[in-house]
Amino acid sequence: MAKRKSASRPKPQSQSMSRAERREQTRQELEALFLREGFRDLTVASIAKRLKCSNRSLYDIAPSKEEMFLVVLNQWLERIRHLGWQAALAHTDSIERIEAFLKPGVTETRGASAAFIEDVRSYLPAKQILARHQEERMEVLGDIIESGIKQGSFRKLHSYLVAEFLLSAATKIDELDFQSKAGLSFSDAFEELYELLLHGLLKD
């Protein structure tokens, strides 16, 4: 008697993510939460409950709530710099390069709440990360301005001075008192500043 062929069972598709993928997904959800609410009023337990994950998943990102915030902040700012630099590389016109480079600094900060900005401003390690971020962006901006001056697109201004001016203005915008008095959100204030910079650089 012929043997009955056993029915071949379809192999279940693996829906499980790798540890690295789970970590990145959790970090992204954590970023969205911190941008909305900051970190001061949250606990690791409340974060885990909100994100529907285990405490262990959070500790896989960093050993404390404060360090989680720093990891999220650093990667968020790195993304802004990377997006700006990649966008700038797509243009040869100096004005378009500046606009493309600065744009992520506006679009990527629209979701940043007052609580998030205050936590960055009042927590020294976070404030230092933001300061380094601004300095790195201003260094690249100075190079773009210098290139624009050589091309004849911009007036012959001191590129370092222009970049330092923007950095000082950006530092001022980081202060919540300024935003409140000006009646501008964080991203709107930067957008206005960038418009001022570009119109100040344009030749007659």
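The values are calculated or read from the model by the stated rules, or taken from the named source; none is laboratory data. Since the model is a prediction, treat every value here as computed from it, not as a measurement. Positions of Cβ are backbone-derived with ideal geometry, glycine not excepted, and every protein chain shown enters the neighbour counts. Please note that ligands, DNA and RNA were not included when accessible areas were found on the heavy atoms of the full protein model with its side chains. Shrake-Rupley method; radii C 1.70, N 1.55, O 1.52, S 1.80 Å.
Once region 91-103 is narrowed to residues that are of a type outside the set (Gly, Ala, Ser) and open to solvent by 10 Å² or more (accessible area, probe 1.4 Å), the residue that is modelled with the highest pLDDT is His91.
What is the number of the single condition among (1) part of a helix (DSSP H, G or I); (2) surrounded by 16 or more Cβ atoms within 10 Å (Cβ to Cβ) that Glu195 does not meet? Condition not satisfied by Glu195: (2). Here the condition is being surrounded by fewer than 18 Cβ atoms within 10 Å (Cβ to Cβ), over 15 Å from the mean Cα position of the chain (by Cα) and of a type in the set (Phe, Trp, Tyr); of Tyr160, Tyr123, it holds for Tyr160 alone. Within region 131-144, the residues that satisfy the criterion of being in contact with a Leu (Cβ under 7 Å, 6 or more places away or on another chain) and surrounded by 15 or more Cβ atoms within 10 Å (Cβ to Cβ) are His133, Gln134, Met138, Leu141.
Taken over region 142-167, the residue count meeting the criterion of being closer than 17 Å to Gly84 by Cβ, small (Gly, Ala, Ser) and either in contact (Cβ under 8 Å) with a residue 24 or more places away in the chain or in a loop (DSSP other than H, G, I, E, B) (or both) is 3.
Residues are listed down the side, and each one gets a yes or a no for (1) open to solvent by less than 100 Å² (accessible area, probe 1.4 Å); (2) hydrophobic (A, V, I, L, M, F, W, C); (3) at pLDDT 95 or above:
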position: Ala7; (1), (2), (3): yes, yes, no
position: Glu29; (1), (2), (3): yes, no, yes
position: Leu35; (1), (2), (3): yes, yes, yes
position: Asp41; (1), (2), (3): no, no, no
position: Val72; (1), (2), (3): yes, yes, yes
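Among the residues of region 51-69, at least one is surrounded by 18 or more Cβ atoms within 10 Å (Cβ to Cβ) and under 17 Å from the mean Cα position of the chain (by Cα). Give region 102-128 a look and list any residue that's of a type in the set (Val, Ile, Thr) and under 22 Å from Ala88 (Cβ atoms), or say none. Across region 102-128, the qualifying residues are Val106, Thr107, Thr109. Number of residues in region 75-103 that are more than 22 Å from Gly152 (Cα to Cα) and of a type in the set (D, E, K, R) equals 4. Please verify whether region 96-119 includes one or more residues that are in contact (Cβ under 8 Å) with a residue 12 or more places away in the chain, within 28 Å of Asp41 (Cα to Cα), in contact with a Lys or Arg (Cβ under 6 Å, 6 or more places away or on another chain) and in a helix (DSSP H, G or I). Looking for residues that are in contact (Cβ under 8 Å) with a residue 12 or more places away in the chain, within 28 Å of Asp41 (Cα to Cα), in contact with a Lys or Arg (Cβ under 6 Å, 6 or more places away or on another chain) and in a helix (DSSP H, G or I), one finds at least one in region 96-119, hence yes. Residues in region 44-75 that are closer than 15 Å to Arg23 by Cα and touching a residue at least 40 places away in the same chain (Cβ under 8 Å): 5 in all. Residues in region 79-94 that are without any contact (Cβ under 8 Å) to a residue 40 or more places away in the chain and of a type outside the set (Lys, Arg): His82, Leu83, Gln86, Ala87, Leu89, Ala90, His91, Thr92.
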